[in-house]
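Below is one structure, written out as C-alpha cells; the observations come after it.
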Amino acid sequence: IQALKSLQPLLPNLRVVVLMGRKAQSAQLEIEIIFQTKVLTCPHPSPRVFRVWPAKREEIKSVFLQGLNIVAQGLTPRAAGVKDSGTLIPGHGGILDRADTWLWAMMLGYYLVQLLTQVVTYNHFKR
C-alpha cells in the first residue's frame, strides 16, 4: 500500500486503472481510495485462463476498450484546448465536458448497431 501511495504524486492525471488477475484485484479498494479514479477488473491474460475459459478473451478485450474509452473521453477536450474552461456550471469543465460522453456513446452505439445488423443479416442468409 505504501508503494501505491508513493506513485500517486507521479500520476496526477491518472484516468483509469486496469487490474488483471485475482492478486491485483485484491488491491482494488485501496487503489480506488488512493487514486480517486475509475478501476476496471478483468481475468489474468494467461494461456491457462484462455484454455480453460475461452470466453475470458472477449471479457479482457471489452475491459481494455472500456479503458480506452475513458482515456479518450478525457483527451478530447484537452486536445481542443477547452479542458476546464467553462463558466456555465461553476466547478465544471464546460459544456464540452458534459457532451463528450454522449458523443462517444453515440459513435460506439452506431458502430455496435452496424455490427449487429451485419451479424443478423449474415445468419439469416446463411440458412
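One decimal place: the segment Met107-Leu40 gains 21.9 nm when fully extended, by the rule 0.36 nm per residue minus the C-alpha distance. What the Cα atoms of the stretch 6-49 give is an Rg and a Dmax of 11.6, 36 Å. Taking amide H as placed 1.01 Å from N in the peptide plane, the amide H of Leu19 sits under 5 Å from that of Leu40, Thr41, Cys42, each at least 5 places away or on another chain. I need the calculated FRET efficiency for the pair Ala72 and Arg48, taking r as the beta carbon distance and R₀ as 41 Å, to the nearest 0.05. So, using R0 = 41 Å, E works out to roughly 0.80. The order of Arg15, Arg51, Arg22, Arg57 by accessible area, most exposed first and with a 1.4 Å probe, is Arg22, Arg51, Arg57, Arg15.
Dimensions of the stretch 27-66 along the principal axes, based on C-alpha atoms and rounded to the nearest Å, stand at 35, 19, 10, largest first. Label-to-label distance, Gln118 versus Ala24, with points set 7 angstrom from Cα along the beta-carbon direction: 3.0 nm.
Under a 1.4 angstrom probe, counting protein chains only, how are Leu112, Leu4 ranked by accessible area, largest first?
Most to least solvent-accessible, the answer reads Leu112, Leu4.
The values are calculated or read from the model by the stated rules, or taken from the named source; none is laboratory data. Here the structure is a predicted model, which is why all the values come from computation and not from measurement. Note: ideal-geometry Cβ built from the backbone for every residue, glycine included; neighbour counts use all protein chains shown. These accessible areas exclude ligands, DNA and RNA; they are computed on the full protein's heavy atoms, side chains included. Shrake-Rupley method; radii C 1.70, N 1.55, O 1.52, S 1.80 Å.
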